[in-house]
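Chemist: One structure follows; several queries about it will come next.
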Amino acid sequence: MEELATKYSFDDIEEKWYNFWLEKEFFHARKNLSKTPFSIVIPPPNVTGILHMGHALNNTIQDILIRFKKMNGFESLWMPGTDHAGIATQNVVERKIAREGMTRQQLGREKFLENVWQWKEEYGSTIIRQLKRLGCACDWQRARFTMDEEYSDAVIEVFIRLFKKGLIYRGNYIINWCPRCQTALADEEAPHKEIDGFLYYIKYPFKNSSQYLVVATTRPETMLGDTAVAVNPKDLRYNDLIGKTIILPLIDREILVIADDFVDPEFGTGAVKVTPAHDQNDYLMGKRHNLEFINIFSPDARCNELSGDYAGSDRFEARQAIIEDLKERKLLEKVVAHKHTVGHCYRCHTVIEPYLSKQWFVKMKPLALPGIEAVEKGDIKFHPQRWTKVYLNWMQNIQDWCISRQIWWGHRIPAWYCGKCNSQLQVYLEKGTGNNAEISLDEINVLSDIEPIVSKEKPCCDKCGSAKFMIQDPQVLDTWFSSWLRPFATFGWPFTSCKPHALGGKLEQNEKNKTGLQKEELKYFYPTTVLVTAPEIIFFWVARMIIAGFEFMQNAPFKDVYIHGTVRDDSGKKMSKSLGNSIDPLEIIAEYGTDALRFSLVSNTAIGQDVFLSKEKFEFGRNFCNKIWNASRFILMNLDSEELGGYAKEKIKKENLALAEAWVLSRFYSTLKQVNIALDNYRLNEAANIIYEFFWHQFCDWYIELAKLSIENTQTQAVLFKIVEQSLRLLHPFIPFVSEEIWQKFKPGCGSILEQSWPQLDESFINEKLETNMQIVIDVCTAKRNLRNENNYKPKDIIEQAYIKVDSLEAEKVLIECQDYIKKLAKVDKIFISQENIDMGYSQEFASCSTANTLITIPVKIKIDAEREKQKFESQINEISNHILRKDRLLNNENYLKKAPSHVVEKEKQSLDELKQELEKLIKIKDAIE
RNA sequence: GGGCGCGUAGCACAGCUGGUUAGCGCAUCUCCCUUACAAGGAGAGGGUCGUAGGUUCGAAUCCUACCGCGCCCACCA
């Protein structure tokens, strides 16, 4: 047997086993009708992503479930992949080329996209490599990227289907515009944050009058686009002003005072400036009152030619300038500090500009209905349950989804316009920019007035019949418009990519087979079993996947949704790169090992609760891995290395077992039982902690120590072998690397631990009586150790003998049988066990201590302080008397006896009896001290 | 404005549908380098479970209010 290091070293081991698993294709799942499928679709990381603690937690949870189910005989599929992450990736590449002194506009669409693809090839798999380091058992052969050809087909197909159903439309609305990314954003992509701003009170003078109306606004710069002032019709202060004309300061436009219920008389002055092109509410008011929509900004949020003297200045510069100018004209009444919420771009955090533009939308209300019903009926369950409400609330109030983005990286919208038949597009054709056209936002707005032909391939124009002048819509789709198809698009749905092509219009045979197989696999694995994700993307992704599942597959995409908590630092702040408080999982892996990271993470994660982390917490997992390593090392050292195979076969016969052996087996199987329940209910932390407790504090602390007494014995060896080998299987999903490494030493040449079956629960080993008996032994040992510690005896003060007096024949029997255990664990040479008056034998040469069934005395060479000894027992007596008092009262309570379940009462009675006995015993002992 | 979560030992957390004397880890203190493991072993101390009511035979657990902390959603300019 090779010498093993006394410290577990994870260097080299992790990569070695990961490659081994890959080579053996353990992560690859196939349709297998003899097995039940278990499948998970990974929340696809962005290609720009690097592994952070949130990923580490999310993927560890999934990996545990995947490995657990695989060992339980399921066909376990973990479908991986990455998202193209339109805006995020485009931003990264734009920054990169900016360092080279270029802009994407200078490069042009085609060249820029080449750059992005290049970047993706180079860096896009970073996160995949990192997931591998984490040990993820993903079926990498199936990895799909949202921009893969096959996947893109699904995206386009879905767009076309929804369009044909009338569920995709174009509309002119106020959308969230990010002036930095220069694209529209969905509502979910523009989270509102509270900011400290000001409320500016501005005087709006009436025409031909010295009077004015004061309006309050947080964004004075938008006044350049004002086309009315609104008051509440019920507001008596302003009633007679309705219909009057105001001269809009700075720009000298005549606007009217209108009446609208929207206006809250309580807020500000009760008079609101109305900017229909730059505010959601004002837009609606504009519609109601037929106001003019004046867009004063260009897409980069600079004032445009409609903003008079301010043209060309940035929106925030314009704000300052306008304030100054208003002050100068004595039109600024006052400025008050004011907190309000403002939308921010979820990618670059720039303040959103509400912007009137023509965009593509998905009509969500009808699509959401089956997804609402499924959750209400419980066909899809959230864990923990509370997220159900969050989901339902969003689904029931769902807004139409803005899916067009004015960026280049993404799936291009399959809408076409004929440049020949639409005179507005002539200019555009003349530019000769064709399919890779770079179209400005204004031009997009022009396009939006033209009826498109929606088609995957370039279509022929309805009017002129030619495809020659067809121009494709330059916009791309929201990344989530591809992500929401993941549970089925990853299987090749809708299976159109093997279209008849050049070769005589026939499918090649293997292509045909491939499609057939994919269809069967989709049927087999869909719906997937569980989705594991963070609360942040319930709306972005979870809800939309459910919608897509019902719309395109007529079925929910998964049955369970496990929402885990957010990873926070130990002061409760969300871990993020920008806050600089993140702990890099790769650093932890390097320092403590992957298994330590995983085990620490999981044992710290109560279901659905946020996880608070600090670096020290990872020592917990590391120490445990080391403990497992050393326990295994000890066992290996004592097994016959030539005969390892024999231990595996050795049948353990219950009737021949010594108490400790029977006990540890009983403990093992109850542990297994509890672990199974916990894992079936997604309570991973509980499962981890139960195994931890068993392995360390029962198996190692007690059984291994006792096994040393009979380590030469084959049966002891067989028990050690069995427990450690089976425990490693339980541990494997949590700590795959170290469990494999050690398991291989116990069962060399037997494949992988991952192929082994999960331990079968054999309840016949679970025996309460036996656990009680073992507890007597444990109590005695603990008491003896205690005696020594509490009196602070030095070794020389003690004569290593113990006199144990027991109060029952049964306990006596157990203790006599287990003398050797006590000698070993309590460190005594001689034991005298007797069932006699427990109060006898006090003397100043003996220290004493009582347990539930015994009184233990040990001879010491120094004199016992009788007073102290007496006090010790007195305080015990006090404590027990209090319990007795309480229980007496309880058991004398008629209502209790009537209403409490009988087993509870029985237990209570029994416990009272025991306490009374113990009290009696303690009193006797105390009285004997004198 | 609505919704959700959390306040349990110095710190960070468990405690599942209410039922023994409320637990784990870290930290602290004492002893021990006992030939698997000092990343270890043996022990100890430390909590009126945020506050106040209520329901109940019985409350950390259920209800109500309040006080703190955090998150999410919402068009109050």
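Quick note: the coordinates plus some simple rules give every number you see, no bench work behind them. What you see is a predicted model; the values in this text were computed from it and never measured. In this analysis, Cβ positions are derived from the backbone assuming ideal geometry, glycine residues included, and neighbour counts consider all displayed protein chains.
Chemist: I'd like the Karplus ³J(HN,Hα) series for the range A:382-397: coefficients 6.51, -1.76, 1.60, θ = phi - 60°, whole numbers in Hz, and an x wherever there's a Gly or Pro.
Modeler: Working through the residues one at a time gives 9, 10, x, 4, 4, 5, 3, 5, 4, 5, 4, 4, 5, 5, 6, 10 Hz.
Chemist: Given the peptides A:176-184, A:319-327, A:759-767, arrange them by the average over their residues of other C-beta atoms within 10 Å, most packed first.
Modeler: Most protected by this proxy first, the peptides run A:176-184, A:319-327, A:759-767.
Chemist: Need one number: nm distance between label points at A:Phe20 and A:Glu457, each 7 Å from Cα along Cα→Cβ, rounded to one decimal.
Modeler: Between A:Phe20 and A:Glu457, the label points sit 5.2 nm apart.
Chemist: Among DSSP bridges having both ends in chain A, what percentage is antiparallel? Round to the nearest 5.
Modeler: 70 percent
Chemist: Rounded to the nearest 0.05, what FRET efficiency do A:Cys464 and A:Phe206 have when you use their Cβ-Cβ distance and R0 = 60 Å? Show your work: numbers first, answer last.
Modeler: Details: r = 56 Å, r/R0 = 0.93.
Result of the calculation: an efficiency of 0.60.
Chemist: With θ set to phi - 60°, apply the Karplus curve 6.51 cos²θ - 1.76 cosθ + 1.60 along the range A:861-876 and write out the HN-Hα couplings as whole Hz, x wherever there is a Gly or Pro.
Modeler: Karplus-based 3J(HN,Hα) across the range A:861-876 equals 8, 9, 6, 7, 7, 4, 5, 5, 4, 5, 4, 4, 5, 4, 5, 5 Hz.
Chemist: If you don't mind, another one. Roughly speaking, what % of Cα-Cα pairs in the range A:1-84 are separated by over 19 Å, rounded to a whole number? Before the final figure, lay out the partial values.
Modeler: Working: 1913 of 3486 pairs.
Result for the distance tail: 55 percent.
Chemist: On to the next question. For the range A:607-729, go through all pairs of different Cα atoms, get the mean of 1/r, take its inverse, and jot down that Kirkwood value in Å.
Modeler: 15.7 Å
Chemist: To test your reading of the geometry: what angle, between 0 and 90 degrees and rounded to tens, separates the Cα axis of helix A:13-23 from the longest principal axis of chain A?
Modeler: With both axes taken from Cα atoms, the answer is about 70 degrees.
Chemist: Ok, one more. Semi-axes of chain A's equivalent ellipsoid from the Cα gyration tensor, sqrt of 5 times each eigenvalue, largest first, rounded to whole Å?
Modeler: The three semi-axes for chain A are 70, 38, 24 Å.
Chemist: Going 7 Å from the Cα of A:Ser710 toward and past its Cβ, which residues in the range A:758-781 have a backbone nitrogen under 15 Å from where you end up?
Modeler: Flagged as within label range: A:774.
Chemist: Give me the count of lysine pairs in the range A:96-233 whose alpha carbons sit under 20 angstrom apart, restricted to pairs 8 or more positions apart or on different chains. Each step should come with its number before you reach the end.
Modeler: Numbers: A:Lys96/A:Lys111; A:Lys96/A:Lys120; A:Lys111/A:Lys120; A:Lys120/A:Lys132.
Summing the qualifying lysine pairs gives 4.
Chemist: Of A:Lys273/A:Lys389; A:Lys827/A:Lys926; A:Lys794/A:Lys887; A:Lys653/A:Lys673, which sit over 32 Å apart, Cα to Cα?
Modeler: Table pairs above 32 Å Cα-Cα are A:Lys273/A:Lys389; A:Lys794/A:Lys887.
Chemist: Label-point separation (nm) for A:Gln280 and A:Glu650, each offset 7 Å from Cα along Cα-to-Cβ?
Modeler: The answer from the label model is 7.1 nm.
Chemist: Using the beta-carbon distance between A:His289 and A:Lys615 and R0 = 51 Å, what value does 1/(1 + (r/R0)^6) give for FRET efficiency, to the nearest 0.05?
Modeler: Calculated value: 0.25.
Chemist: A further question follows. Roughly how tilted is helix A:86-99, in degrees to the nearest 10 and between 0 and 90, from the longest Cα axis of chain A?
Modeler: Once rounded, the angle reads 80 degrees.
Chemist: Looking only at the range A:182-272, where both bridge partners belong to it, what percent of the DSSP beta bridges are antiparallel (to the nearest 5)?
Modeler: 75 percent
Chemist: Quick one: the Cα spread of the range A:706-776 along its three principal axes, in angstroms, biggest first?
Modeler: Principal extents (Cα only, largest first): 40, 28, 18 Å.
Chemist: Also: Please give the calculated 222 nm ellipticity per residue for chain A, where each DSSP H segment of at least 4 residues contributes -39500 (n - 2.57) and the sum is spread over every residue; nearest 500 deg cm²/dmol?
Modeler: It comes out at -13000 deg cm²/dmol, rounded to the nearest 500.
Chemist: Go ahead and run the numbers for FRET between A:Lys234 and A:Ile195, Cβ-Cβ distance against an R0 of 25 Å, rounding to 0.05. Spell out each step's value before the answer.
Modeler: On the way: r = 32 Å, r/R0 = 1.27.
Here the calculated transfer efficiency is 0.20.
Chemist: Follow-up question, since we're still on this one. Work out, step by step, the length gained on full extension between A:Lys327 and A:Asn513: first 0.36 nm times the residue separation, then minus their alpha carbon distance; give nm to one decimal.
Modeler: Full extension of this stretch gives 59.3 nm more.
Chemist: Okay, next question. With only Lys, Arg, Asp and Glu charged, each at its Cβ (+1 for the first two, -1 for the last two), find how big the charge dipole of chain A is about the Cα centre; round to the nearest 20 debye. Write down the numbers at each step before the final one.
Modeler: Values: 120 positive and 129 negative charges, 259 e Å.
For chain A, the charge dipole is close to 1240 debye.
Chemist: Once amide H atoms are placed 1.01 Å from N in the peptide plane, what residues at a sequence separation of 5 or more from A:Ser850, or on another chain, have their amide H within under 5 Å of its amide H?
Modeler: A:Ile856
Chemist: I'd like to compare A:113-125, A:397-409: which one has the highest average count of other Cβ atoms within 10 Å, and what's the full order after that?
Modeler: The most tightly packed comes first, giving A:397-409, A:113-125.
Chemist: Taking the mean number of other Cβ atoms within 10 Å as a proxy for protection, how do you rank A:538-548, A:137-147 from highest to lowest?
Modeler: Peptide ranking by packing, descending: A:538-548, A:137-147.
Chemist: What distance in nm separates the simple spin-label points at A:Ile923 and A:Gln426, each placed 7 Å from Cα in the Cβ direction?
Modeler: Distance between label points: 11.4 nm.
Chemist: In addition: Enumerate the calculated ³J(HN,Hα) couplings along the range A:524-533 in order (Karplus 6.51 cos²θ - 1.76 cosθ + 1.60, θ = phi - 60°), each rounded to whole Hz, writing x wherever the residue is Gly or Pro.
Modeler: Result, ordered by residue: 6, 8, 9, x, 6, 7, 9, 10, 10, 7 Hz.
Chemist: How long is the gain from A:Ala98 to A:Tyr169 if the chain were fully straight, where each residue apart is worth 0.36 nm and the alpha carbon distance is subtracted?
Modeler: Details: separation 71, 0.36 × 71 = 25.56 nm, distance 3.56 nm.
Roughly 22.0 nm would be gained on extension.
Chemist: Would you list, by chain and number, the aspartates and glutamates whose Cα falls below 15 Å from the Cα of A:Lys574, excluding same-chain residues fewer than 8 positions away?
Modeler: Excluding near neighbours in sequence, the set is A:Glu536, A:Asp584, A:Asp610.
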